[in-house]
1. When you go through Ala192, Ala207 one by one, which is the residue that is of a type in the set (A, V, I, L, M) and assigned to a loop (DSSP other than H, G, I, E, B)?
2. Residues in segment 308-315: is at least one touching a residue at least 24 places away in the same chain (Cβ under 8 Å), farther than 22 Å from His53 by Cα and more than 16 Å from ligand 2 (Cβ to nearest atom)?
3. Considering only helices (runs of 4 or more DSSP H) fully contained in segment 37-128, which possess at least 1 residues that are in contact with a strand residue (DSSP E or B) (Cβ under 9 Å, 6 or more places away or on another chain) and either among the aliphatic types (A, V, I, L, M) or surrounded by 16 or more Cβ atoms within 10 Å (Cβ to Cβ) (or both)?
4. Just checking, which of Asn286, Asn232 is within 14 Å of Leu28 (Cα to Cα) and part of a strand (DSSP E or B)?
5. For Lys2, indicate whether it is at pLDDT 90 or above, charged (D, E, K, R) and farther than 18 Å from Gly262 by Cα.
6. Which numbered condition trips up Asp143, out of (1) within 10 Å of the chain's Cα centre (by Cα); (2) buried (at least 19 other Cβ atoms within 10 Å of the Cβ)?
7. With respect to Val230, determine if the residue is within 16 Å of ligand 1 (Cβ to nearest atom) and touching a residue at least 40 places away in the same chain (Cβ under 8 Å).
8. Conditions: (1) touching a Leu at 6+ places or on another chain (Cβ under 8 Å); (2) of a type outside the set (Gly, Ala, Ser); (3) within 16 Å of ligand 2 (Cβ to nearest atom). Met131 meets all but one. Number of the miss?
Amino acid sequence: MKSDDLGFSIWAVGGGKGGTGKSVVSTLVSLALARMGRKVVLLDADLGGANLHSLFGMKLPQVTLHDFVEKKIDGLEEAALDTGTPGLRLVSGANDVLSLANPKYAQKTRMLNAIKRLNADVVLLDLGAGMHYNTLDFALLADTPLLVLTPQMTSLENAYGFLKGMLFRKLERSFKEEHPLYPFLAPALKPAPGEPAEHLVDCFERARDAGAEGMAEWEAVMDSFRPGLVVNQAATSGDTLAAGVMANVACKYLGVQPDCLGAMPIDPGLRRQIDSLKPLSALGENVPAVAAASDIAKALLAREEREAREAREAHERAEKEALDNEQAA
Ligand SMILES: Nc1ncnc2c1ncn2[C@@H]1O[C@H](COP(=O)(O)OP(=O)(O)OP(=O)(O)O)[C@@H](O)[C@H]1O
Ligand SMILES: [Mg+2]
């Protein structure tokens, strides 16, 4: 639900590889946002292994996402429970894995509508590991997909794969086989058997050079895809550069420019807190991971403000142009 001046945003935290710190980052960023005065709902969208409640020192609550999916409750408000931190509520994940791990399209649509009706400024979705299309679809529900990666090469590869998977799914949904752009996209999205996949940027160039019909639509899809990157478990200042490396690769081969939103250090205090099953909300603001989460939250909000301003300015320019044309006619 839109609150008057703050807007409403859905951010999804994913990244492909398991154990990179998606749940830790989404929890600490949610706590930071709530402390900044935002109304936040954190939703455990790890459909195969929900455990976010444990980072709040909670047992699996009586009411969860599962009740919503099973239509025992009508909306998600009923499942959004207080966490003890003012402004932050948690929707716990399903405890019945089998019935939820593969939700149908209608269930996903119902869930998106319910998410939009939550009384919040920001809804954060903590996604599970892997690149199953359901996880990609959840990531694409978000205005901003946030990828958490660690400095290890395997994590970078997984995060890149996740980003590419999201973009390709978005393109596939926008341009079906009968669309005039599809033949240009196919060599990247679905190469012929035995053929190597082409880079998306090359497909884009070829379509533009050929003056293909619908290029503005393709550009709009690309422009609306604005992922953010967070490096977690950084041990050295060099480690924090991992996001920049990935952003360069994404730009070179996909034509996407992800934002590097910050890094969270390896923090033994955080680790101890988790291992002793104590809530992350009890960590002080001087704990390095908590301070880093606050910076990441600020970077996200700044980015959102910038995008809102740019959209407003573009709208004003279009209106002025229309008025000028009308007067000239
Ligand atoms: N910044 C950090 N400093 C120290 N330890 C960390 C940090 N981030 C994560 N960890 C450790 O890594 C573990 C896994 O983190 P987390 O559960 O957030 O990963 P995940 O990506 O959500 O995993 P999954 O893919 O299984 O959902 C934590 O329990 C914690 O022990
Ligand atoms: Mg997790």
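1. Ala192
2. yes
3. The helices (runs of 4 or more DSSP H) meeting that bar are 52-55, 65-69, 105-116.
4. Asn232
5. no
6. Result: Asp143 passes all but (2).
7. Against the criterion (within 16 Å of ligand 1 (Cβ to nearest atom) and touching a residue at least 40 places away in the same chain (Cβ under 8 Å)), Val230 qualifies.
8. (1)
The values are calculated or read from the model by the stated rules, or taken from the named source; none is laboratory data. As the structure is a computational prediction, the values presented were derived from the model and not from experiment. Counting neighbours? That spans all protein chains shown, and the Cβs are built from the backbone with ideal geometry, glycine included.
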